[in-house]
Amino acid sequence: MHYRIEKAGLKDLDTTAALFNLYRVFYRQEDDYERCKQFIAERLDHDQSHIFVLYVGEKAVGFVQLYKLYHYIRLKKQWLLSDLYVHPDYRGQGFSVALIDRAKEWCAETGACGLMLETEKTNDIGNSLYPRCGFEYDGGHNYYYWWQ
């Protein structure tokens, strides 16, 4: 199936926010398009994230969102692959791999040392996908969170 991947900007806000809302619903969050739209607008407006949207024809069917981090050992920029989503009607066609490949290209374009990500232990699809895309599981670290 023919597709294209484009870097999103504020002109793509409605499309990107709609996909982001679906992504959040997938992760058992409330449907809240307006808050998603505001969140994405702030990230794009302040250059805090980079989003790539995958289109089949004119329909946006998936996205990947990256945030800048810095790696203390490699002393270089790296990207957090924070969000990856493909609409259920378009899964199983290699679009997630295409979005990950675009994120890897972004690393090369920006001089970053690589990508990092985390996913739920119960995300069977992701936990199968990421190793196939060259990601290595880091069992040597515990990830802790503090929320206010």
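The values are calculated or read from the model by the stated rules, or taken from the named source; none is laboratory data. This one's a predicted model, so the numbers in the text were calculated from it and none came from an experiment. Neighbour counts are summed over all protein chains in view; Cβ atoms, including those assigned to glycine, are modelled from backbone coordinates with ideal geometry. Just so you know, the surface numbers come from the protein's heavy atoms only, side chains and all, with ligands and any DNA or RNA stripped out. Shrake-Rupley method; radii C 1.70, N 1.55, O 1.52, S 1.80 Å.
A few remarks follow.
- Condition met for residue 23 (more than 13 Å from the chain's Cα centre (by Cα) and either within 23 Å of residue 130 (Cα to Cα) or outside any strand (DSSP E or B) (or both)): no
- When residue 48 is tested against (1) at pLDDT 95 or above; (2) out of contact with any Asp or Glu (no Cβ under 9 Å at 6 or more places or on another chain), just one condition goes unmet, and that condition is (2).
- Considering only residues in the range 118-148 that are open to solvent by 100 Å² or more (accessible area, probe 1.4 Å) and of a type in the set (Val, Ile, Thr), the one that is farthest from residue 85 (Cα to Cα) turns out to be 122.
- Pairs where the first residue, in the range 1-27, is in contact (Cβ under 8 Å) with a residue 40 or more places away in the chain and the second is assigned to a loop (DSSP other than H, G, I, E, B) and crowded, with 18+ Cβ neighbours inside 10 Å, C-beta under 9 Å, 6+ apart: 15/8; 16/8; 19/87; 22/87
- Subset of the range 106-144 [of a type in the set (A, V, I, L, M) and out of contact with any Asp or Glu (no Cβ under 9 Å at 6 or more places or on another chain)]: 108, 112, 115, 117, 125, 129
- Annotation: residue 93 fulfils all but one of (1) over 18 Å from residue 19 (Cβ atoms); (2) more than 17 Å from the chain's Cα centre (by Cα); the unmet one is (1).
- Of the helices (runs of 4 or more DSSP H) lying entirely inside the range 28-139, the ones with 3 or more residues being among the charged types (D, E, K, R) are found at 33-45, 95-110.
- Out of 132, 102, sole residue that is in contact (Cβ under 8 Å) with a residue 24 or more places away in the chain and more than 18 Å from residue 1 (Cβ to Cβ): 132
- Taken together, 93, 38, 65, 78 contain a single residue that is among the polar types (S, T, N, Q) and without any contact (Cβ under 8 Å) to a residue 24 or more places away in the chain, which is 38.
- Of all residues in the range 32-52, exactly one satisfies the criterion of being aromatic (Phe, Trp, Tyr) and open to solvent by less than 60 Å² (accessible area, probe 1.4 Å), namely 52.
- Among the residues of the range 1-31, the ones that are at pLDDT 95 or above, of a type outside the set (A, V, I, L, M, F, W, C) and open to solvent by 50 Å² or more (accessible area, probe 1.4 Å) come to 11 in all.
- Looking only at residues of the range 84-108 that are farther than 17 Å from residue 53 by Cβ and open to solvent by 40 Å² or more (accessible area, probe 1.4 Å), we find that the one that is modelled with the lowest pLDDT is 92.
- Selection over the range 1-48 of residues that are small (Gly, Ala, Ser) and within 18 Å of residue 86 (Cβ to Cβ) gives a count of 3.
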